[in-house]
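Below is one structure, written out as structure tokens; comments come after it.
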Amino acid sequence: KGEEGNKGGVVASNIGNIFYSKMFQGVQVRAEENGYSVIISSRASGPEHTVLERLRTGRVDGVIVLDPTPLAETDLDFLETFYRQTPPIVGFSEKPGLLPYPHILVDNFRPSYEMTRYLIDLGHRDIAVVQAPDYLPVRLERLGGFQKAMRDAGLPVRDANIFDGGFESPAGHEVARQLLERGRADMPTAI
């Protein structure tokens with residue numbers, strides 16, 4: 001709207017995750033360019049109710065949900081009735097149709113493919129990959145991009161080089177420990 005006092009909310013499941021912090025920076029820059037201030041909150045402190053409360057009380061003009069977990073159907077029904085149309089919520093998702101409100105789709109396959117190709121172009125032939133947690137849709141897409149890049153280059157994908165992991169430091173430490181136990185002779189040249 002460009003008027004003073006407009007506020008938008010950004011909600012994420014883990015605001016300490018660097019992925020979200022980079023997104024916050026982009027959202028904040030665009031919001032300020034358009035006369036909005038941004039309120040950031042974590043779903044960990046009060047899931048959907050944070051979104052509902054801020055929208056219902058008018059403390060924000062809209063919400064960007066940076067968490068692929070959808071709002072409960074009853075909460076969405078309430079917001080649709082309250083706004084007499086589509087509520088001012090936008091999200092992001094890895095799969096089409098996962099969220100019942102407008103959202104941006106994230107392509108996880110192509111960046112994984114391109115990162116792997118970059119390593120291959122640098123001369124790496126024995127590359128390992130650390131996967132996202134198995135409950136997230138990104139896992140298969142990212143692994144698929146890695147595997148296709150390896151196959152396209154005529155390189156084998158070793159099962160021993162595919163690690164279960166996560167997005168937090170303890171997962172990285174565990175993979176590093178497993179790799180160190182292998183010894184230098186069986187160490188991939190890139191991860």
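A compact table of results
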quantity: Among the residues listed as Tyr118, Tyr135, the single one being among the hydroxyl-bearing types (Ser, Thr, Tyr) and farther than 30 Å from Gly62 by Cα; calculated: Tyr118
quantity: Residues located in segment 89-105, provided they are assigned to a strand (DSSP E or B), open to solvent by 10 Å² or more (accessible area, probe 1.4 Å) and of a type outside the set (A, V, I, L, M, F, W, C); calculated: His103
quantity: Lone unmet requirement of (1) open to solvent by less than 40 Å² (accessible area, probe 1.4 Å); (2) within 14 Å of Ile191 (Cβ to Cβ) for Val130; calculated: (1)
quantity: Enumeration of residues in segment 133-155 that are under 16 Å from Ile191 (Cβ atoms) and assigned to a loop (DSSP other than H, G, I, E, B); calculated: Leu155
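The values are calculated or read from the model by the stated rules, or taken from the named source; none is laboratory data. As the structure is a computational prediction, the values presented were derived from the model and not from experiment. Positions of Cβ are generated from backbone atoms using ideal geometry, with glycine treated the same way; all protein chains shown enter the neighbour counts. Accessible surface is based on the protein model in full, side chains and every heavy atom, while ligands, DNA and RNA are left aside. Shrake-Rupley method; radii C 1.70, N 1.55, O 1.52, S 1.80 Å.
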